[in-house]
Every structure is written in structure tokens, then in C-alpha cells.
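Enquirer: Sending over a structure as C-alpha cells; questions will come in a sec.
The values are calculated or read from the model by the stated rules, or taken from the named source; none is laboratory data. Nothing here was measured: the structure is a model prediction, and the numbers come from that model. All Cβ positions, glycine included, derive from the backbone under ideal geometry; neighbour counts span all protein chains shown.
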Amino acid sequence: MKRVAFVALSAWLVVLFLIAVGLDATQEWTVYQRRFVKSLNRDERRGLPGGIQQIQVKPLGRVDRCTTCHVAIDKPQLALAEQPFTAHPGDYLTWHPPEQFGCTVCHGGQGLATQVRPAHGEITHWEQPLLRGPLIQASCLKCHGNLEEINAHVPLLRQGIQLYDRLGCAGCHTVHGFGQTVSIDLSDMGDKPWQLLDFTFVEGDHTLAQWIDEHFREPRRVTPGYRMTELPPGEEEIYPTFMPNFGLTDDQARALTVYMLSLTAESLPAKYTIPQTPRVQPAGYATAVERGRAVFQKYGCAGCHGEGGLGGRKNWNAQLGEEEPSLVYVKMTYDRDNLKQLIRDGRQPVPRRDPARPRAPSYMPAWKDRLSETELDDLVEYLLSLYESQVPQPAPVSEPAEAAPTEG
Amino acid sequence: MTQDLKKTKIWKSIFRHDFSDTPRTRLQRVFGNVFLHLHPVRVPKDAIRIVYTWGLGGLSFYLFLVLSVTGILLMFYYRPTTIHAYQDIKDLAFVVTLGGWLRNMHRWAAHLMVVIVILHMVRVFLTGAYKPPREYNWVVGVILLVMTLFLSYTGYLLPWDQLALWAVTVGAQMAANSPMVGSEGPFQLPFITPGNDAKFFLVGGTIISDNALLRFYVLHCVAVPFLFLIFLSVHLWRVRKDTFSRQTGEKVDVWPHLVSRELLAALLATVVLFVWSLVVQAPLEGQANPNVTPNPSKAPWYFLGLQELLVYFDPWIAGVVLPTVIIVGLMAIPYLDLNPKGVGVYPRMERRKLGPLPIWYPAERPFAVTVFLFGILLWFALIFIGYYCRGPNWEWYWPGASWSHRHLSKLTLKNLPNLWGGLLLAGYALQGVPMPKRAKDRIAGRLGPRAPEALSGALHIGSGLLMSAALFIPLLTAPDPDDPLRSHHATLFAALGRATNAPLVSACYRLVERVGPAMGFTLIGLLAATMGAMLGWLSARCAALKDRLYDDLGSVKYAIVIALLLMMLGVLGKIALRLLCGIKYVISLPAFNFNI
């Protein structure tokens, strides 16, 4: 009995060990390599390295084993049409030699891994999943300050940056030191760990990119706050986010997502980065109003007050119909000095509509340390001009028929 | 040829005897082998029955060996620095031949060892193997248990992933909350700062970083195993010296009877570990990030009971005092249990009737077995709750329910005013007071033969009523201590009733609303009185047992035993108070961080 047990258990042990060795020897990457080698004729096979391949990039602290399966990535003459045996499209590898850059610094994913899903980083516990499709443009901004020069390669990224400026995001958010602090700093948005995000109302994958994308489309669906009925008695309600729904198209949302993903705190060695080409400041505006419009645009006033100061953005429990004020009618309420003072000091807290409910989440920040006196002057000119430019003016009243009594 | 080989000096110096199965060679095999020499040569047959020991002690030792071997192999691939550690673990998983499997083996063997060591302790307790002359070895065993847990805990940090970092943070934070020597604990000594407190000593810094990793690495790989080996030697040596607890049956040779069983047990354990490591991957989360706290952050499972206790008590009580009491209490068992019966046998269960219910009752050591098993069950129940029933923000979720970070607790908690909390505790402590024989005799002499029993019953029921009054009176009448502005108008009961979903309180509140205050409060009073009386009646039922215990143990030992017992049951009581009545702390002295 004991002998039988002994023999049986020992046999089991041997079998299990062999299974372990066998599993180890037939990992996913070996299958891919074998399939690739089969597609080659004998001459082509010569000199082809086997086993796990890795690109060690010391300056970037990265070890990328992607080429273990993507064997032909830098060998276009051997490449096949199917993944993972394709060659790298374009001339990107000439510009970014793999031995200097590796793969993951641009593509994301988990370079250390040698299995498909972990390597693509599409697993729960990896923060940088593969940047699929146009999302990869987000990586260019890590090094390329000279976006103008690589314009053709980064259309979405450029569009995202333009949208960021046009919609006035800087009025609430800071990126690399420029912008207001009404809402969160976006400088490292691309690094944000998924554990800090609430995916309860996200319909797609639980990834950072998806969260940002859906949040751009429908901010109040993704972060709806808490209604009174959801809260324990005695707690204050928590408003939905005051991030406006900008009514973005899919392309626009994706473009902004790409820009957000490109904002990382990762600092690459100086020899990898290209400094920003100094922006040419458009100069020589004709009028103070036009200069003022540029100020309005640059500092992101449009984020809250709407493009052209038309208003319409939600601000929970603020007076004025729970909205951010429209600026079209400032001319009716303020004179120059009052308006300047209001912009300098801001208005916080915003008066509440219902004093029992919590304070409005958005407020007018103080601009006195951010705007120069000339900028302020121009801005005020612009704001006072809005009434004429935005409100359809009544047709000039024609002179009454009976003018001066006729003589005689 | 073989014969010639056997005649060479080399053969003879390695194998010093021949392999024929004679009584003489059986002895020689044990005598002549430094490893087997740990065994006696002959043991009683019943002592090594599998259904008696279940091989648990030997398995613990074997798992220690497995862990040493796999651990040494892992050390070849691992660098204890924050920039390398995580990458090295990834390399083990992805590129080292059999590396993932090796790590799985180490991980699962560690978990298995914790389980087996605890089961070994339970087995030793049940068979009374800690009784004289083996008291000291039980103490050594408890030390080994603690070391096993500490080894697991130190190993937990090494992969340097989020799981590791935050599990260890929970533990290190408990050290920071130690009384006197923790910078966040009560009764702090004047020279204690975050730069020299117990947490600093444990993690080598004010935050968990490179120093902590190095420190845990050295502790895990060198320091604790070294101490472990010393205590292990003592433990095994004492087993030899004190003999096995069961001495019945004829004596048989250790070779082959015991050695073969050990071999089979080891083989079986290895097969289990092989399969486990092939099928289940050891967890590895994202790289440790001190800025991102996973919600919930859970300690390793064997410490989750303690973490669950953090809900009910101040950190220094749940994290430092209670574990110390548990460990010291375990060590004290052989010195407190003077009952000589039940050595070398599992408790004989008698079937009795408790009212209509059939129960199985340990006949010879009813008190010891019941209390110990209750403690073990409580410990694992707390672990179960912590592991399966706690989600984000440590909210309660039923196992399998999906977690939501938006879920908010509706349980609003209040403290009992200290006066009433003190009375509640006093009533509870009174339940443990015995009536010694001398006192009984005197009372019987003065008031008649039935008087002691009646008096004891009255005392128990009285203290039960006291407890119930101390709980319900503040709920019904005392002003709300958290909101003095409202205190003129609202009772704590009203505040709780409106604000909480604590089942008992909101039920009372609804009752009052339904039937009007006069009727409602009367009903609640009746309910409270019934509860108190029931509690008193229950402990009055145990009065005879208590009195006997007191007469057997003497006052000091009795006090220790009953204090440990009351603390253990008190944990359950505290859980019930919180979940049913929405009471956060019974006594709260914020000046001393004393909240229970």
C-alpha cells in the first residue's frame, strides 16, 4: 500500500515537473517564432537570432522584449503581412533607431513581458497599455517640442492642442505651469493611475484613454456626483462635475484624449528631447478689441463664459440660473473700472442660489497676478464690445416723420 | 561487481551499514544518519498514526525546507532595491526558466505553511499535547508560529508591487500606533518622534522605501530564518526529550514506519504544491506607488483578522494590544490549564441535549476545548469577513457582490457616553465574577441551603439588566454628545433613529413612530429588560462551571482565564453593538487615544 502510494506520488511528481518544463518551453513567443521561421527559406533563416530578444535602453531605463515576437519589425525584406511579423511602417525606425529608443517609450505596453496580453499591457495591473491606432501620437510630445516640424505625423495631437486653446481649457486647468487652478492640474494626466478613477459609469474598456474619451463626450455621465437620495441622511449632496459638455464630435474627443495622454511627468534625458520652437506671437493687431479677443482666448475665459462670451455653461447652485454668467451684457452692468476690479479680484465664493445647498463648484478666480495691465485694458475693451457684436442690435430707429416744425 | 563496489572504502564511508531489512540495520539507519537521528529509534505505534497527528508538525518542517530551497533559488534573481525589485519579479515571471513556477511555489508554500502551522497548533491543543511535561515546548511552538507569520509578512513586501507596499503599510502603521514607542500611539514617551519610533525601527525610515525593502529582505532571508532555526531545533529537541503525547500501542521501529510516512507526507505536499503552482499564478500588481492607495488596501490574509478589528477598536488596541494578548494568552495556556485529562487523545464528544437541540459536548475538557475552538473560529471568521466581505472604504459587501466606489455607508455611528459605557463594561465584567466555595458555605449557613444559588442567579440577572439598562437608557434619553446644539431637543436615540440604519435602533424608532411614544417606549423597555435578563440567565447557567473553575485555579489564574475569555467574547459583543446599535465606541477617552 505504502509502496504503491510512494511510486504513484513520485510518478506524479515527475509528470508534473515535466509538465512545468513543457509549459515553460512552449510559451506563446516560441509558437510565434516557430511560425515565422517556417515561412522563411533556408538562406533567410541563416543568422536569424532565436530565443527571447530584448532591446536594453539604459538611458531610458527600459528593457523591451517586443522583438521576441515582432521578429521582422526592422527586417522589411523578411516581413509578412500578418501580425506580429510585419515590418514597422514608415521611416520611423530610421529616425528613431530601436537600439536607442526601444519600443515601449513610444508605443506603451509592457516591454518586460513575453506573453501577448501582458506585453500589450492590456491587463489590470499595468498602467501603460499599448497606444493603439492614432493614440500613439500622444507619445511624440514626450520629446518633440517642435511639433510644427512633424505636423504631418501628428494631426490628432495638433487638433487636440488647438481644441484645448479654442475651448478655453486653460481658464480652469493648468498644463506645465500655464493655466488657472480652478480645477485639477493636467500636467501628468497621461500618467494618471486607473486606481484613482471611477469607472462605474464608463461604458467601454477600463482604461485611462477610454475614461478620458468618455469624460470629454459626456462629463456628467462619467462623474455624476451624488444625489441626496444616494447619500446618508445629513450629508451634503455632491454635484456632478462642472466640466462643461462641449458637444464634441468623436474626432474632437479623440484628439483631446490624445493630447491628454501626451501630458506625462516622465522626463526623458536631454539628448532625447527637442526644445520647443519659440511660438511666433502674432503682432500688430489693429484694435484694442482684437487684442482683447486674443487675451480672452489665451487665458481660457471661453471655458466658462462660452466662446465669444455667450455663456451657457453649468455651474451648480450659482445665482443667475445655475450657470456661469454670459458676458454679452457686461456693458449694461459695469463700467470700465468696476469690470477691471472684478477681473483682478475674481468672485469667490459665487453667490448661492439656494443657501441650503452646497457652494457652487466653479468660481471666478483672481487674475491680478496673471494679466498685465495692458492685457486687462484690452480685455475690458473686448468685453464691452461684446454687446454690439453678439446681440442683434435693433435696426436704427428712423427719424420721426414730423421733424422740426416747419417754419412758417 | 556490486559486491566489489560495496567493499571499497568509499562505499563504506558513505553507507555504513548494509541494506538488508534486519532489526539491526533498522536501528543503524536512524543512529547512523545525522538527519534521521532527530528521531527516536522506536516509537509507540499509536503515536504516529496519521489520523492522530495528520503529519502536521512534520509538514510544517518540510514546508520550511521547501521555502528555504525555493527562497535560495529566488535570491539568485532578486535585487532588493526599489528600482530593480519589481523588474526582477517580472523577469522571473517572463524570462527565467521555470521562474514563475518557482515564485509560485515559494508563495503558495508560504501560505500553506501558515495554514499547516495553525492546524498543527489546533491538533496539539485538541490532543492535550501541551500538558506537562510539554508546556515549554508549546511556548516555543507559539514563538515559531509568530515567526512564521513574521516571515510571511516580511516576504510580502519583496515583490515591490502595490499589493506588497500597501499590505506592509497597514502593518507598519500598526507599529506606529504602538503605545509608548509609536509616534502615533498613546502614552508616547517624550523622546519618541517619527524618526525613532517602532515603525522607523521596522521599516528603516519614515516612509516605506529602499531602506524598508533592504531591511525586510535581510529579515526575511537571513535574520528571521536564523532565529527560526534556533527555535526549531529547540522545538524538535523538546519533542524528543518530552516524548510523544500518545504512548499507547506496541513500539515499532522508526525506520521504516515513521520515516516512510514522513516521506509520503512530504511527497503529497510537494505534489499539491506543484499542481497549485502550475494552476494558480502568484499575484503581482502594478509597481509600488506610494502616491496611489488602492481602495481597499488589505493586509495579508493572516493579518486580516487584526485589520478587521481596526474597525471596532483604536489602532493601537487592535494592532498591538490585542495581538500581544492573543500571543501571551496562547503561551499561557499550558500554565492555566491544570486539568490533567485528555493527553494523547482527541476530545471524546458526548451527545447531549440543550433544550430541544442536540449538541456534541467535549466530555473531559469541556471548557478548554470549547473556548479554544471558539477563539480559532472567531479568528478565521474575522479573516473571512476581512477577505471576502470588505470592499472600498472598508464597507461591507456580501461575498460575490460587485464593489462600487460610489457605495456610501449609511451606518451613522455614535459613541456611548462614557458613564453609560463604563456601566455597560462593569456589568459585563460582573458576569465573570465567581462565587467561591467558602462564600457559598457562609451564605448557605446564614440564609439556608438554596440561598447561594438564588443569590448567584440574582447577581447574574442583575448585572445583565445593568448592561441592558446602560445600553438602552442613553439610546433613549441622553443628549446627543456630538451635536450639543441639538441636545436640548433630541436624544441620542432620536439622532440615531433618524440618522442611522443600525437595525436595532431604527427598528425601535419605527416602533415608537408606529404605536406612539408611551406604548413604544414601554415595549422597548420590556425588550431591553428581556435581553438583559436572558444574558444574565445565560451566564447564570454557566455559574456552576465558573465556580468550579475558580476553586480549581485559585484567584490569580482564574482572573487571567476569565479576563481572556471576556475579552474574546467582548470582541463579538463589540461587533454586535456596532452593527446592530450603531455604537462606535463604548468608552472613548480621546486624550489617551483610548477608544474601545
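Enquirer: Restricting region B:430-454 to residues that are surrounded by 14 or more Cβ atoms within 10 Å (Cβ to Cβ) and out of contact with any helix residue (DSSP H, G or I) (no Cβ under 6 Å at 6 or more places or on another chain), which is nearest to the other protein chains (Cβ to nearest Cβ)?
Expert: Checked region B:430-454; the qualifying residue nearest to the other protein chains (Cβ to nearest Cβ) is B:V433.
Enquirer: Starting from residues that are buried (at least 18 other Cβ atoms within 10 Å of the Cβ) and more than 29 Å from the chain's Cα centre (by Cα), keep the ones in region B:280-291 and report whichever is farthest from the other protein chains (Cβ to nearest Cβ).
Expert: Ranking the candidates gives B:Q287 first.
Enquirer: What are the residues in region B:83-101 that are more than 7 Å from chain A (Cβ to nearest Cβ) and under 32 Å from the mean Cα position of the chain (by Cα), if any? Show your work before the answer.
Expert: Taking region B:83-101 and keeping what is more than 7 Å from chain A (Cβ to nearest Cβ), we get B:83-86, B:88-89, B:92-93, B:96, B:99-100.
The answer is B:A85, B:Y86, B:I89, B:G100.
Enquirer: Now for a separate question. Can you tell me which of A:V71, A:V57, A:V63 is touching a residue at least 24 places away in the same chain (Cβ under 8 Å) and more than 24 Å from A:Y272 (Cα to Cα)?
Expert: A:V71
Enquirer: For region B:484-512, which residues satisfy the criterion of being among the charged types (D, E, K, R) and either at pLDDT 75 or above or outside any helix (DSSP H, G or I) (or both)?
Expert: B:R510
Enquirer: Looking only at region B:268-279, which residues are surrounded by fewer than 19 Cβ atoms within 10 Å (Cβ to Cβ) and within 9 Å of chain A (Cβ to nearest Cβ)?
Expert: Here is the first cut: in region B:268-279, the residues surrounded by fewer than 19 Cβ atoms within 10 Å (Cβ to Cβ) are B:268, B:271-272, B:275-276, B:278-279.
B:L268, B:V271, B:V275, B:L278, listed by residue number.
Enquirer: Let me ask you something else. I need a count of the residues in region A:186-243 that are acidic (D, E), more than 14 Å from chain B (Cβ to nearest Cβ) and either farther than 23 Å from B:L408 by Cα or assigned to a helix (DSSP H, G or I) (or both).
Expert: Of the residues in region A:186-243, 4 are acidic (D, E), more than 14 Å from chain B (Cβ to nearest Cβ) and either farther than 23 Å from B:L408 by Cα or assigned to a helix (DSSP H, G or I) (or both).
Enquirer: Within region B:388-429, track down each residue that is within 14 Å of chain A (Cβ to nearest Cβ), over 18 Å from B:P503 (Cβ atoms) and of a type in the set (S, T, Y).
Expert: B:S402, B:S404
Enquirer: Could you check region A:90-120 and list, in sequence order, the residues that are hydrophobic (A, V, I, L, M, F, W, C) and more than 20 Å from B:L92 (Cα to Cα)? Break it down stepwise before answering.
Expert: First, the residues of region A:90-120 that are hydrophobic (A, V, I, L, M, F, W, C): A:93, A:95, A:101, A:103, A:105-106, A:112-113, A:116, A:119.
A:L93, A:W95, A:F101, A:C103, A:V105, A:C106, listed by residue number.
Enquirer: Now a separate question. Do the conditions hold for B:A265, that is, is it touching a residue at least 40 places away in the same chain (Cβ under 8 Å), within 11 Å of chain A (Cβ to nearest Cβ), touching a Gly at 6+ places or on another chain (Cβ under 7 Å) and of a type in the set (A, V, I, L, M)?
Expert: Values: touching a residue at least 40 places away in the same chain (Cβ under 8 Å): yes; within 11 Å of chain A (Cβ to nearest Cβ): yes; touching a Gly at 6+ places or on another chain (Cβ under 7 Å): yes; of a type in the set (A, V, I, L, M): yes.
Against the criterion (touching a residue at least 40 places away in the same chain (Cβ under 8 Å), within 11 Å of chain A (Cβ to nearest Cβ), touching a Gly at 6+ places or on another chain (Cβ under 7 Å) and of a type in the set (A, V, I, L, M)), B:A265 qualifies.
Enquirer: Can you find a residue that is more than 14 Å from chain A (Cβ to nearest Cβ), within 22 Å of the chain's Cα centre (by Cα) and more than 30 Å from B:D337 (Cβ to Cβ) anywhere in region B:365-386?
Expert: Of all residues in region B:365-386, those more than 14 Å from chain A (Cβ to nearest Cβ) come to B:365-386.
If we keep only those that are within 22 Å of the chain's Cα centre (by Cα) as well, we get B:365-386.
In the following step, the residues that additionally are more than 30 Å from B:D337 (Cβ to Cβ) were identified as none.
No, region B:365-386 has no match at all.
Enquirer: Also: Can you find, within region B:242-258, the residue that is nearest to the other protein chains (Cβ to nearest Cβ) among those that are surrounded by fewer than 18 Cβ atoms within 10 Å (Cβ to Cβ) and of a type in the set (V, I, T)?
Expert: Applying the filter and picking the extreme gives B:V252.
Enquirer: Residues of region A:321-341 being under 22 Å from A:T374 (Cα atoms), touching a residue at least 12 places away in the same chain (Cβ under 8 Å) and exposed (fewer than 15 other Cβ atoms within 10 Å of the Cβ), which ones?
Expert: A:R336, the sole residue that qualifies.
Enquirer: Here is a further query. Which members of region A:301-350 meet the condition of being more than 23 Å from A:R220 (Cβ to Cβ) and assigned to a loop (DSSP other than H, G, I, E, B)?
Expert: A:L327, A:V328, A:Y329, A:Y334, A:D335, A:G346 - these are the residues of region A:301-350 that are more than 23 Å from A:R220 (Cβ to Cβ) and assigned to a loop (DSSP other than H, G, I, E, B).
Enquirer: Considering each residue of region A:53-88, count those that are in a loop (DSSP other than H, G, I, E, B) and more than 13 Å from every other protein chain (Cβ to nearest Cβ), and give that number. First the steps, then the outcome.
Expert: Our first condition is that a residue be in a loop (DSSP other than H, G, I, E, B); within region A:53-88, this holds for A:53-54, A:61, A:65, A:69-88.
If we keep only those that are more than 13 Å from every other protein chain (Cβ to nearest Cβ) too, we end up with A:70-88.
Of the residues in region A:53-88, 19 are in a loop (DSSP other than H, G, I, E, B) and more than 13 Å from every other protein chain (Cβ to nearest Cβ).
Enquirer: Quick one: is A:L163 touching a residue at least 12 places away in the same chain (Cβ under 8 Å), part of a loop (DSSP other than H, G, I, E, B) and more than 14 Å from chain B (Cβ to nearest Cβ)?
Expert: Considered against the rule, which asks whether it is touching a residue at least 12 places away in the same chain (Cβ under 8 Å), part of a loop (DSSP other than H, G, I, E, B) and more than 14 Å from chain B (Cβ to nearest Cβ), A:L163 comes out as no.
Enquirer: Moving on to the next point. Which of the residues that make up region B:408-434 are at pLDDT below 85 and either closer than 24 Å to B:Y550 by Cβ or of a type in the set (S, T, N, Q) (or both)?
Expert: We begin by selecting, within region B:408-434, every residue at pLDDT below 85; these are B:408-420.
Result: B:S409, B:T412, B:N415, B:N418.
Enquirer: Just the residues that are in a helix (DSSP H, G or I) and surrounded by fewer than 14 Cβ atoms within 10 Å (Cβ to Cβ), please, taken from region B:397-425.
Expert: Result: B:L419, single match.
Enquirer: State the number of residues belonging to region A:30-52 that are surrounded by 13 or more Cβ atoms within 10 Å (Cβ to Cβ) and of a type in the set (K, R).
Expert: Residues that pass the stated criteria total 2.
Enquirer: Right, something else. Could you figure out which of (1) outside any helix (DSSP H, G or I); (2) more than 14 Å from chain B (Cβ to nearest Cβ) isn't true of A:C106?
Expert: Unmet for A:C106, out of (1) outside any helix (DSSP H, G or I); (2) more than 14 Å from chain B (Cβ to nearest Cβ): (1).
Enquirer: I would also like to ask the following. Out of all the residues in region A:168-216, which are β-branched (V, I, T) and touching a residue at least 40 places away in the same chain (Cβ under 8 Å)?
Expert: A:V175, A:T181, A:V182, A:T207, A:I212
Enquirer: Considering only residues that are under 18 Å from A:F216 (Cβ atoms), in contact with a Gly (Cβ under 6 Å, 6 or more places away or on another chain) and assigned to a loop (DSSP other than H, G, I, E, B), which ones fall in region A:169-185?
Expert: If the condition is that a residue be under 18 Å from A:F216 (Cβ atoms), in contact with a Gly (Cβ under 6 Å, 6 or more places away or on another chain) and assigned to a loop (DSSP other than H, G, I, E, B), then A:C172, A:H173 are the ones that fit.
Enquirer: Kindly indicate the residue of region A:1-52 that is aromatic (F, W, Y) and within 14 Å of another protein chain (Cβ to nearest Cβ) and also nearest to A:P84 (Cα to Cα) among those meeting that condition.
Expert: Across region A:1-52, the extreme among qualifying residues is A:W29.
Enquirer: Could you list, in sequence order, all residues of region B:345-362 that are under 26 Å from B:P132 (Cβ atoms) and at pLDDT below 85?
Expert: Passing the criteria: only B:Y361.
Condition check ((1) among the charged types (D, E, K, R); (2) farther than 29 Å from A:P358 by Cα; (3) surrounded by 18 or more Cβ atoms within 10 Å (Cβ to Cβ); (4) under 22 Å from the mean Cα position of the chain (by Cα)) across all residues:
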residue: A:L231; (1), (2), (3), (4): no, no, no, no
residue: A:P244; (1), (2), (3), (4): no, no, yes, yes
residue: A:G247; (1), (2), (3), (4): no, no, no, yes
residue: A:A253; (1), (2), (3), (4): no, yes, yes, yes
residue: A:L256; (1), (2), (3), (4): no, yes, yes, yes
